[in-house]
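K.L.:
Have a look at the structure that comes next, please.
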Amino acid sequence: MGFEVFNYECQEQMSIFDFINPKTEPPILLLKGQIAYKVVRGEVEEFEVYDEKSWLCGEENQERGYRLKKDFGYDCTWNGNIEVDVFTEKESAILKAQEYIKTHDVILSESIKAVEVKAYSYVRDCDNREMKSFYAIIPDGKAYIKQFMSYEHIIDYGSVENARKELKKTFCKQQEFEYCNPQEIDYTPTFKNMYLCNKKADWVKWNYAEARYSGCG
């Protein structure tokens with residue numbers, strides 16, 4: 001009785017590393033010093049990629065993050081945002097922002113005209129920075145407001161008289177008026193585009209706010 005011999009041949013020599021199934025790192029899409037344009041609703045903000053090194057993050061480190069710098073502030077972005085809301089070409093960012101404005105409730109800055117403005121300022125002790133706060137009453141009864149420590153926003157009071165009455169009672173209740181002695185100044189505001197706030201949240205009292213306010217949209 002003989003034995004049948006089976007000859008198993010491997011097409012390629014296998015090693016233990018073939019069973020580990022390593023994953024490749026995500027590519028580096030932004031480099032230090034590169035300019036990146038971030039779209040925030042209908043606004044285009046210009047940043048510089050700040051750090052020499054990016055970092056791995058996300059599930060199984062399959063995402064890559066970058067730190068961005070603008071003036072005195074910082075932001076972050078990730079590979080998944082590139083060509084979605086962060087662009088390396090300004091023209092692409094502008095097109096994305098324009099698309100948002102066309103499809104959402106936005107009060108454009110150039111359409112905001114004030115019938116009266118009240119403004120105050122003081123110099124902050126910790127950094128000698130001039131801090132400003134103002135309100136501008138708009139002919140339809142809305143008021144464009146910037147408190148010392150708030151985003152710029154719009155509240156609809158229904159009429160100019162109501163706006164004037166309410167702001168006279170409430171605006172100077174900011175704590176800075178008690179502790180920092182702000183003085184009234186002559187000031188011509190530079191208005192921003194205002195975006196509709198999400199009124200589904202009970203705590204939202206503003207009707208519109210600038211793009212960076214999280215309660216918009």
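K.L.:
For the chain, with a Gaussian network of springs between Cα atoms less than 10 Å apart, report the residue from Glu83, Glu91, Glu178 with the top mean-square fluctuation.
P.N.:
Answer for the Gaussian network model of the chain: Glu178.
K.L.:
Which label marks the calculated value of Kirkwood radius over Cα pairs in Å, given the options [x] 20.4; [y] 21.6; [z] 19.7?
P.N.:
[y]
K.L.:
For Ile155, what residues show an amide H to amide H distance below 5 Å, using hydrogens built from the backbone and excluding near sequence neighbours?
P.N.:
Ala143, Ile145, Asn207
K.L.:
List the relative contact order of the chain as a percent without decimals, with contacts defined as Cα pairs under 8 Å and 6+ residues apart.
P.N.:
Numbers: 349 pairs, mean separation 30.8, N = 217.
The value is 14 percent.
K.L.:
Moving to a separate point now. For the range 16-102, rounded, prolate or oblate, judged on the Cα gyration tensor with a ≥ b ≥ c (square roots of eigenvalues), a/c < 1.5 rounded, else prolate if a/b > b/c? Please list the in-between numbers first.
P.N.:
Details: a/c = 3.03, a/b = 1.90, b/c = 1.60.
Taking the square roots of the gyration eigenvalues as a ≥ b ≥ c, the range 16-102 is prolate.
K.L.:
Tell me which chymotrypsin sites (Phe, Trp or Tyr not before Pro) from the range 68-159 have a DSSP coil assignment and no more than 12 other beta carbons within 10 Å of their own.
P.N.:
Hits after loop and neighbour filter: Phe72.
K.L.:
For the range 106-209, what does the relative contact order come out to in percent, with C-alpha contacts under 8 Å and a separation of six or more?
P.N.:
Computed over the range 106-209, the figure is 30 percent.
K.L.:
For the Cα atoms of the chain, what angle does the longest principal axis make with the long axis of helix 160-170, in degrees from 0 to 90, nearest 10?
P.N.:
80
K.L.:
Another question, then. Mind giving me the nanometre distance, one decimal, between the label points for Ser92 and Lys199, set 7 Å out from Cα along Cα→Cβ?
P.N.:
3.8
Throughout, read-outs are computed from the coordinates displayed, never taken from laboratory work. Because the structure is a prediction, the values reported are computed rather than measured. All Cβ positions, glycine included, derive from the backbone under ideal geometry; neighbour counts span all protein chains shown.
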